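What follows is one structure encoded as structure tokens, with my remarks underneath.
The values are calculated or read from the model by the stated rules, or taken from the named source; none is laboratory data. Bear in mind the structure is a predicted one, so any value in this text is a computation, not a measurement. Note that we place each Cβ from the backbone using ideal geometry, even for glycine, and neighbour counts take in every protein chain shown. With ligands, DNA and RNA removed, areas are computed over all heavy atoms of the protein, side chains included. Shrake-Rupley method; radii C 1.70, N 1.55, O 1.52, S 1.80 Å.
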Amino acid sequence: MWCRRLAWLLREPCWQRESSGRRWLWPPCDTRTVVATLTRGHHTVPGSLPCAWQLHGDHLELRYGNTLMRLDFVWLRDHCRSASCYNAKTNQRSLDTASVDLAIRPQAVRVDETTLFLTWPDGHVTRYGLEWLVKNSYEGQKKQVMHPRILWNAEIYRQAQVPSVDCRSFLETDEGLKEFLQNFLLYGIAFVENVTPTKEDTEILAERISIIRETIYGRMWYFTSDFSRGDTAYTKLALDRHTDTTYFQEPCGIQVFHCLKHEGTGGRTLLVDGFHAAEQVLRRAPEQFELLSKVPLKHEYVENVGGCHNHMIGVGPVLNVYPWNNELYLIRYNNYDRAVINTVPYDVVRRWYHAHRTLTTELRRPENELWVKLKPGKALFVDNWRVLHGREAFTGYRQLCGCYLTRDDVLNTARLLGLQA
């Protein structure tokens, strides 16, 4: 008897006859929870998942499996995927969001094994797959990671024995390109071997995965210790760990290095996983992590050398996180280019210095330092939003070439190959 009653509740909403037709009876349905046990073994349902829903004044509360979702009525109308509201060929919304009544409420709600059905006051029916709702609701996104990663220190990276990808495989096969991108996404660094040591061949390599981002340094650049630019990098001095272009409002996403020649000693490249260091701060001093993710700072680049005249300013916190799941996506760390701290009140600045010191201590731990000797023929790709790089001092003539890549295009290439990026 209970099962037949349940089936009736799922099939028929609560209606009341009126002279003008049928209308939804909000009370007592606002406080009634309808439960459906989904059919075991259905091809869209992993096992038997319970589903329950309850209507409230401005939203639908829906529990599916272990996820409790609160779905605003306007949101539910706005994201309708019917043919009149969404163009499936272009994957673009057709519905004019501004035309949706902000006080809209569904006239009827129904749930079957896999789908939520909503009937709106104008008779339009919206259908949502329950799995789609779990994936795309706020509560579902909180449980998901946008960018899967493997955090590392030097020992973890060495033990992983991440292989370099051969240049020909990288350029000529999807398998080689996919292997490279998977390494890059997981670790924030990746190598390509057997590259002809010229700027032109390095450019071909870079264009395989992205549009090259032209900056104040040009498109492809040569890098020597001639102090031709107003930057410490153009010297033979050691460089502490840092991320590049913090003085851009959007720091460059990926950096490519290829050592074309080195006649001398020293010059090893230092690599540090900034996300691994930040994770240690979050674990040991969460209040300091939060401060570093909320206090905005200015970074500045002032250059007047030869014909190069630039004054760049970028603003943002040291740590940048997605607010819905606290996932770190960008670290902006460069003590060389950090400008005067004038965006922080006096009663916060001392706490910020303590937090900055904690992060710096983690970044400078010897066990977190991966030292690599760049040689002709071996190109290095660095995620400039994650991995800090530096350099030991060197002697002799050392020439590198490289470029910056647009992050969006690298991630686009990865997604087209079926990777989560």
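Residues checked against (1) at pLDDT below 95; (2) in the same structural domain as Ser164 (by the TED database); (3) of a type in the set (A, V, I, L, M):
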{"residue": "Gly314", "(1), (2), (3)": "no, yes, no"}
{"residue": "Val318", "(1), (2), (3)": "no, yes, yes"}
{"residue": "Val321", "(1), (2), (3)": "no, yes, yes"}
{"residue": "Asn368", "(1), (2), (3)": "no, yes, no"}
{"residue": "Lys378", "(1), (2), (3)": "no, yes, no"}
{"residue": "Val387", "(1), (2), (3)": "no, yes, yes"}
{"residue": "Cys403", "(1), (2), (3)": "no, yes, no"}
{"residue": "Thr406", "(1), (2), (3)": "yes, yes, no"}
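Going through Arg332, Arg351 one at a time, which residue ends up being open to solvent by 80 Å² or more (accessible area, probe 1.4 Å) and not hydroxyl-bearing (Ser, Thr, Tyr)? Please lay out each step first, then the result.
Numbers: Arg332 fails: open to solvent by 80 Å² or more (accessible area, probe 1.4 Å).
Unique residue meeting the criteria: Arg351.
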Within the range 183-207, the residues that are free of Cβ contacts under 8 Å to residues at least 60 places away in the same chain and more than 20 Å from the chain's Cα centre (by Cα) are Glu200, Asp201, Ile204, Glu207
May I ask you to list pairs of residues, at least six apart or on different chains, whose Cβ atoms are under 8 Å apart, with the first in the range 378-393 being closer than 24 Å to Ile204 by Cα and the second being assigned to a loop (DSSP other than H, G, I, E, B) and of a type in the set (A, V, I, L, M, F, W, C)? Lys378/Val195; Ala379/Val195; Leu380/Leu374; Asn384/Cys252
Applying the selection to the range 249-290, what residues are out of contact with any strand residue (DSSP E or B) (no Cβ under 7 Å at 6 or more places or on another chain) and either on the phi > 0 side of the Ramachandran plot or acidic (Asp, Glu) (or both)? Glu250, Glu279, Glu287, Glu290
Note on Val382: of the conditions (1) of a type outside the set (S, T, N, Q); (2) farther than 30 Å from Gly264 by Cβ; (3) open to solvent by less than 10 Å² (accessible area, probe 1.4 Å), unmet is (2)
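Conditions tested, residue by residue: (1) in the same structural domain as Tyr404 (by the TED database); (2) assigned to a helix (DSSP H, G or I); (3) open to solvent by 30 Å² or more (accessible area, probe 1.4 Å).
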| site | (1), (2), (3) |
| --- | --- |
| Asp201 | yes, yes, yes |
| Asp244 | yes, no, no |
| Glu250 | yes, no, yes |
| Gln288 | yes, yes, yes |
| Leu292 | yes, yes, no |
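Restricting to the range 148-163, count the residues that are buried (at least 17 other Cβ atoms within 10 Å of the Cβ) and either modelled with pLDDT under 95 or over 20 Å from Val321 (Cα atoms) (or both).
Within the range 148-163, the first condition is being buried (at least 17 other Cβ atoms within 10 Å of the Cβ), and the residues that meet it are 149, 151-154, 157, 162.
Pick out the ones that are also either modelled with pLDDT under 95 or over 20 Å from Val321 (Cα atoms) (or both) and you get 153-154, 157, 162.
The total comes to 4.
Table: residues versus (1) in contact (Cβ under 8 Å) with a residue 24 or more places away in the chain; (2) in contact with an Asp or Glu (Cβ under 9 Å, 6 or more places away or on another chain); (3) of a type in the set (A, V, I, L, M, F, W, C).
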| position | (1), (2), (3) |
| --- | --- |
| Gln288 | yes, no, no |
| Leu292 | yes, no, yes |
| Val295 | yes, no, yes |
| Asn310 | yes, yes, no |
| Val315 | yes, no, yes |
| Asn320 | yes, no, no |
| Pro323 | no, no, no |
| Leu328 | yes, yes, yes |
| Ile331 | yes, no, yes |
Would you say Ala206 is surrounded by 17 or more Cβ atoms within 10 Å (Cβ to Cβ), closer than 14 Å to Phe257 by Cα, in contact with a Cys (Cβ under 7 Å, 6 or more places away or on another chain) and among the small types (Gly, Ala, Ser)? yes
Among the numbered criteria (1) free of Cβ contacts under 8 Å to residues at least 40 places away in the same chain; (2) more than 28 Å from His311 (Cβ to Cβ), which single criterion is violated by Val349? (2)
Here is a check on your reading of the model: is Ala83 surrounded by fewer than 16 Cβ atoms within 10 Å (Cβ to Cβ), free of Cβ contacts under 8 Å to residues at least 12 places away in the same chain and either over 30 Å from the mean Cα position of the chain (by Cα) or within 18 Å of Gly140 (Cβ to Cβ) (or both)? yes
Given the residues Gly377, Gly390, which is the only one that is part of a strand (DSSP E or B) and under 30 Å from Leu181 (Cβ atoms)? Gly390
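Residues in the range 162-182 that are part of a helix (DSSP H, G or I) and more than 16 Å from the chain's Cα centre (by Cα): how many? Show your work before the answer.
The first filter runs over the range 162-182 and keeps only residues part of a helix (DSSP H, G or I), leaving 167-172, 174-182.
Those still in the list that are more than 16 Å from the chain's Cα centre (by Cα) too: 167-172, 174-180.
Total satisfying the criteria: 13.
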So, in the range 90-142, exactly how many residues are of a type in the set (Phe, Trp, Tyr) and open to solvent by less than 70 Å² (accessible area, probe 1.4 Å)? 3
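Being in contact with an Asp or Glu (Cβ under 7 Å, 6 or more places away or on another chain), aliphatic (A, V, I, L, M) and more than 18 Å from Leu49 (Cβ to Cβ): is that true of Val100 here? Before the answer, list the steps.
Numbers: in contact with an Asp or Glu (Cβ under 7 Å, 6 or more places away or on another chain): yes; aliphatic (A, V, I, L, M): yes; more than 18 Å from Leu49 (Cβ to Cβ): yes.
So Val100 fits the description; yes.
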Of the residues Ala355, Ala414, which is within 19 Å of the chain's Cα centre (by Cα), among the small types (Gly, Ala, Ser) and assigned to a helix (DSSP H, G or I)? Ala414
Scanning the range 394-411 for residues that are closer than 14 Å to Arg219 by Cβ and in a strand (DSSP E or B), the one farthest from the chain's Cα centre (by Cα) turns out to be Cys401
Lone unmet requirement of (1) part of a helix (DSSP H, G or I); (2) closer than 24 Å to Gly307 by Cβ; (3) of a type in the set (A, V, I, L, M, F, W, C) for Ala206: (2)
